[in-house]
Structure formats: C-alpha cells, structure tokens
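Working notes for the structure below.
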Amino acid sequence: MWDSRVWEGEVSSVGAFSITIKFSGKLQEYVWHLSSIYAPNDRREREKVWWEVGAARGLFNGPWVVCGDFNTVRYPSEKKNCNRFTRSMLDFSEFINDKGLADIHLMGGRFTWKKGVDHNIAARLDRFLVSEEWDEGFRNINQSILHRVTSDHSPLLLQSGNWEPVKSYFKFENWWLLTEGFNERIKVWWETFSCEGRPDYILALKLKALKGKLKEWSKLTQGNLNIQRLNLLGQLAELEETQELRMLNEEEKIKKATLLIEFEENVRKEEIAWRQRSRALWLKEGDRNTKFFHRTANSHKRYNNIDKLLVNGETVENLAEIKREIVAFYQHLYTETEEWRP
C-alpha cells in the first residue's frame with residue numbers, strides 16, 4: 001500500500017519471510033527499496049530471514065529501508081524483565097551491522113509489542129532500519145510509536161525529510177594542526193591584530209578576527225580537504241591517461257608516487273575530521289574507521305533538531321514560533337541587570 005500519486009511501486013522480490021518493493025518517485029527523481037519482514041519466533045528459523053533479506057539486497061543498490069516484526073530484540077533493555085544477552089540478540093545485531101543498516105532511535109516509548117492486562121510482557125519487536133545511502137540522503141530521520149487500537153503491536157511511523165537548512169557555525173578542525181606552516185600562520189595573524197581596551201575585550205576582538213581569518217583560509221585549497229582530494233584525484237587521473245598511451249618518464253613516476261602519498265595523508269586528515277564530528281573519542285585514530293565516524297556523525301545530526309517546545313505549559317510545534325521562543329528566552333537570560341563597574 002502506497003500513495004500512487006507520489007510513488008510508482010514494483011515488486012522486486014518475494015521470499016518466505018519478506019517482500020521487497022522498488023519505489024520510483026513521480027514528483028522527483030528518487031529511487032529506493034523497501035523490504036518488509038515478518039520473522040518467525042524460532043531462532044533457527046529466523047536465521048533464514050537474515051539470509052533471505054541479504055540475498056534480496058544483492059539485487060539492487062541505493063537507498064534501502066527494512067521494516068517489520070523481527071520477533072526479537074537487540075538489547076536486554078528492549079524487553080521487560082530481561083537482564084542478559086541471548087544468541088538471538090547477537091544474531092540480530094550481526095545482521096544489522098553486516099548489512100550496514102542504522103538502527104534509528106525510537107520515540108514515544110520503549111516497547112512496540114505488549115501482552116497481558118497489565119502489559120507485564122512487552123518488547124520492542126518492530127522497528128525501521130535504514131541503509132547508509134538513506135541516512136545520507138535526509139537531514140532528519142526518526143521513527144515513533146503511534147496509538148495501538150486492536151493489535152498487540154503498535155504501529156510505527158518513519159519520518160524522513162530535508163528539513164529547513166541551518167547555517168553551519170564555525171568549527172576549528174583538528175587536522176589543521178597537521179598542515180605545514182599552520183602554527184606560524186596563526187602567530188602572524190595574531191600579531192597583526194591591533195586592538196585597544198580592557199584585556200578581556202582585546203582577547204575577544206582578537207579571537208573574533210582570528211575566526212574570520214580561519215573561515216577565509218578554510219575555503220582555500222590548503223584549508224579544505226574536499227578541494228584537496230578533488231585536485232589530487234584530477235592529477236592522478238591525468239597521469240593514468242598518460243600511462244595508457246605511453247610509459248611514464250622518471251619525473252612523472254616521482255610525481256605520481258608523491259601524489260599517492262599526499263592522497264594517503266588527505267585520507268588520514270579526513271578520518272580525523274570525521275572522528276571530531278562523531279565525538280567517538282573512545283576509538284583510536286589510524287584504524288581506517290572513517291565510515292564508522294561518518295555514520296556516527298550523521299546519527300548525531302539526526303537528533304540535532306527541536307521538533308516541539310513546551311512554553312508556559314503549551315506545546316509549540318511551528319518552526320518559526322519555536323525559533324522565536326528560543327531567541328526570546330536567551331535574550332531575556334543574557335539581559336544585563338546592572339551596569340558593569342571596573
């Protein structure tokens with residue numbers, strides 16, 4: 001069931017435990033796949049589900065959403081009166097990690113299935129899982145529990161959308177410290193700033209001026225990893241084309257080796273940058289975990305928004321009103337009550 005005014009759906013594959021649909025957008029050029037699952041209660045039978053869904057995924061690329069009743073949980077906290085990990089939980093987590101899926105935070109409650117008058121039996125058996133391509137395609141993704149009517153299971157709602165773009169604030173990149181001549185450049189800039197006034201005022205003005213210099217510098221080749229990477233790949237592509245026509249001379253061989261070393265350094269800096277964004281400080285650098293850092297940073301980005309705000313006992317959901325209330329709150333908070341005296 002889907003809105004045929006927006007999507008054109010086509011059955012991609014049908015298995016014993018799943019159905020996969022290919023959706024093509026009618027209003028915009030966007031193609032994605034949805035695999036809906038109903039897993040059996042038996043753990044050994046459930047192993048067939050993981051193989052079946054994995055085989056379905058091998059038939060296509062691009063954004064992918066997996067949803068349904070998995071009849072198992074990932075963690076003891078997702079099941080009432082459960083305090084230990086089971087083999088079934090480990091199998092489920094292994095499937096999610098192996099397929100590169102993101103397990104989105106559930107809003108509106110802990111459990112999706114409840115049984116008994118007092119709901120003394122409850123677990124999170126139902127969920128949405130999204131692929132990395134889906135995760136990168138939308139700025140905000142969340143799933144929430146809807147009201148249950150007759151079934152033991154609560155309906156789930158997956159919301160994804162390119163929310164209103166937010167102006168990015170300035171961030172100091174740790175990898176800048178590895179750039180040749182960076183410390184000297186900072187020193188020269190700092191000494192050229194001329195300010196008068198109280199020491200704290202001078203410091204604030206110099207930091208603001210330094211921020212402006214760094215923002216300008218970050219848009220140049222030396223301060224922008226993306227520009228560096230594209231430049232390096234472009235030069236390597238030219239040498240590859242030359243090598244197809246003739247043998248590279250000694251100078252060109254040295255240049256190619258140098259470019260490869262620079263590209264390796266670029267990758268290392270990129271890993272540092274994504275590690276900084278992910279805030280996964282427990283993981284060491286140098287382990288080629290850029291993809292992990294990227295996904296972790298995206299997960300932080302998913303929750304870095306305010307959908308609702310409680311103001312004077314009333315819930316505000318309009319984005320413009322939320323902004324207005326936040327600005328008013330902090331303007332009041334930081335209003336000076338008396339003049340400063342030296």
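Which count do you get for residues in segment 239-266 that are assigned to a helix (DSSP H, G or I), of a type in the set (A, V, I, L, M, F, W, C) and surrounded by 14 or more Cβ atoms within 10 Å (Cβ to Cβ)? Selection size over segment 239-266: 3.
Flag set for K291, criterion: of a type outside the set (A, V, I, L, M, F, W, C) and either open to solvent by 90 Å² or more (accessible area, probe 1.4 Å) or at pLDDT 80 or above (or both). A320 passes every criterion in (1) within 17 Å of N174 (Cβ to Cβ); (2) open to solvent by less than 90 Å² (accessible area, probe 1.4 Å); (3) at pLDDT 70 or above apart from (1). Consider only pairs whose beta carbons are under 7 Å apart and that are at least six residues apart or on different chains; among these, list those whose first residue lies in segment 28-41 and is more than 16 Å from W134 (Cβ to Cβ) and whose second residue is among the polar types (S, T, N, Q) and part of a strand (DSSP E or B). Listed by first residue and then by second, the contacts come to I37/S18. Taking segment 24-70 as the range and being outside any strand (DSSP E or B), of a type in the set (F, W, Y) and within 30 Å of T86 (Cα to Cα) as the test, the residues that pass are W50, W51, F70. For beta carbons closer than 9 Å, sequence separation of 6+ or different chains, a first residue in segment 212-223 that is under 14 Å from F172 (Cβ atoms) and a second that is at pLDDT 75 or above and open to solvent by 90 Å² or more (accessible area, probe 1.4 Å), the qualifying pairs are G223/E216.
Which of the following residues is at pLDDT 90 or above, open to solvent by less than 20 Å² (accessible area, probe 1.4 Å), in contact with a helix residue (DSSP H, G or I) (Cβ under 8 Å, 6 or more places away or on another chain) and not polar (S, T, N, Q): V65, V49?
Values: V49 fails: in contact with a helix residue (DSSP H, G or I) (Cβ under 8 Å, 6 or more places away or on another chain).
Exactly one residue qualifies, and that residue is V65.
The values are calculated or read from the model by the stated rules, or taken from the named source; none is laboratory data. All of these numbers come straight from a predicted model, not from anything done at the bench. Using ideal geometry, Cβ is built from the backbone for each residue, glycine included, and neighbour counts are taken over all protein chains shown. Ligands, DNA and RNA are excluded from the accessible area calculation, which covers all protein heavy atoms including side chains. Shrake-Rupley method; radii C 1.70, N 1.55, O 1.52, S 1.80 Å.
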